[in-house]
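These notes are about the structure you will find just below.
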Amino acid sequence: MTTVRGAVWLGVVALAGVVVYAVLVVLPYFVNGLHRFPLADVAIGYHDPKDLWPATVPYVGGWLHLFGVLSMAFAPATLLCVAFASGFASVWASTRRAWTVAGAHAVVVLGCLAAAAWFFTPFAEALVGWQLD
């Protein structure tokens, strides 16, 4: 992973985890109209996610809900793993004076850390409460 291509692939892995989380957790929040209710009501489980879209899709709804719940754990973990791997690659590339490669990996690290910080916002924490209740 000590090329710009390696940084791109690490970025794609991180982006894939974020997209799965966004599609299976954040999007259902808005599609089901939960943004009209106070965030505290959503967080304590007034609206059961098993009774809302996408869990109500025949045959695959249960799987989509399960993957959404799993993405709440795996998306931040993936972001942190990619940040560590890309950080080490950036340091390795900078010791060999490959500044373009080091910069590409540094951008991936910053993107991963910014995305991981989002999981500590009140909105993200409310989504966890909503999905796990």
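The values are calculated or read from the model by the stated rules, or taken from the named source; none is laboratory data. Keep in mind it's a predicted model, so treat the numbers as computed, not measured. Please note: Cβ atoms are built from the backbone with ideal geometry, for glycine as well, and neighbour counts cover all protein chains shown. To get the accessible areas, we keep the full protein, side chains included, count just its heavy atoms, and leave off ligands, DNA and RNA. Shrake-Rupley method; radii C 1.70, N 1.55, O 1.52, S 1.80 Å.
In the set V19, V26, V12, only one residue is in a helix (DSSP H, G or I), of a type in the set (A, V, I, L, M) and in contact (Cβ under 8 Å) with a residue 40 or more places away in the chain; that residue is V26.
Look through region 1-15, keep the residues that are open to solvent by 50 Å² or more (accessible area, probe 1.4 Å) and of a type in the set (A, V, I, L, M), and return whichever of them is modelled with the lowest pLDDT.
Applying the filter and picking the extreme gives M1.
Only one residue in A75, A114 is out of contact with any strand residue (DSSP E or B) (no Cβ under 7 Å at 6 or more places or on another chain), closer than 30 Å to T3 by Cβ, among the small types (G, A, S) and open to solvent by 20 Å² or more (accessible area, probe 1.4 Å). Which one? Exactly one of A75, A114 is out of contact with any strand residue (DSSP E or B) (no Cβ under 7 Å at 6 or more places or on another chain), closer than 30 Å to T3 by Cβ, among the small types (G, A, S) and open to solvent by 20 Å² or more (accessible area, probe 1.4 Å), namely A114.
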